[in-house]
Amino acid sequence: MDQEANSHPKRLMRWPEVERLTGISRATLTNMSARGDFPRPVQVSTHITAFLSHEVFEWLEELEHRRVNYSPKRFNRAGVKA
């Protein structure tokens, strides 16, 4: 875990906050969690699930290493696929 992830206090994040932070829908986050591509929520009580904030922020930090490299040959100046 790097220093920036440590700067976020450990707390619970409910679904709406995680959806806003990531820009990803609950259904997609659920599928990603099931595949192991996103942190799994924890059962806080009978009717409440939430995410551990430090795990969500770590996942966001790891995205920096997954940037897409577009080849300039594949697109013309208008940005349309050649």
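Rule-based calculations on the coordinates, nothing more; no lab input. Nothing here was measured: the structure is a model prediction, and the numbers come from that model. Please note: Cβ atoms are built from the backbone with ideal geometry, for glycine as well, and neighbour counts cover all protein chains shown.
Among residues of the range 52-67 being touching a residue at least 12 places away in the same chain (Cβ under 8 Å) and hydrophobic (A, V, I, L, M, F, W, C), the one that is surrounded by the fewest Cβ atoms within 10 Å (Cβ to Cβ) is Leu60.
The set of residues in the range 3-49 that are in a loop (DSSP other than H, G, I, E, B) and small (Gly, Ala, Ser) comprises Ser7, Gly23, Ser25, Gly36. Residues in the range 6-15 that are closer than 12 Å to Thr49 by Cβ and out of contact with any helix residue (DSSP H, G or I) (no Cβ under 8 Å at 6 or more places or on another chain): Arg14 alone.
Filter the range 12-42 for residues that are surrounded by 11 or more Cβ atoms within 10 Å (Cβ to Cβ) and among the basic types (Lys, Arg) and give the result. Listed by number, the residues that qualify are Arg14, Arg26, Arg40. Scan the range 40-74 for residues that are of a type outside the set (A, V, I, L, M) and in contact with a strand residue (DSSP E or B) (Cβ under 6 Å, 6 or more places away or on another chain) and jot them down. Within the range 40-74, Pro41, Gln43, Thr49, Phe51, Ser53 qualify.
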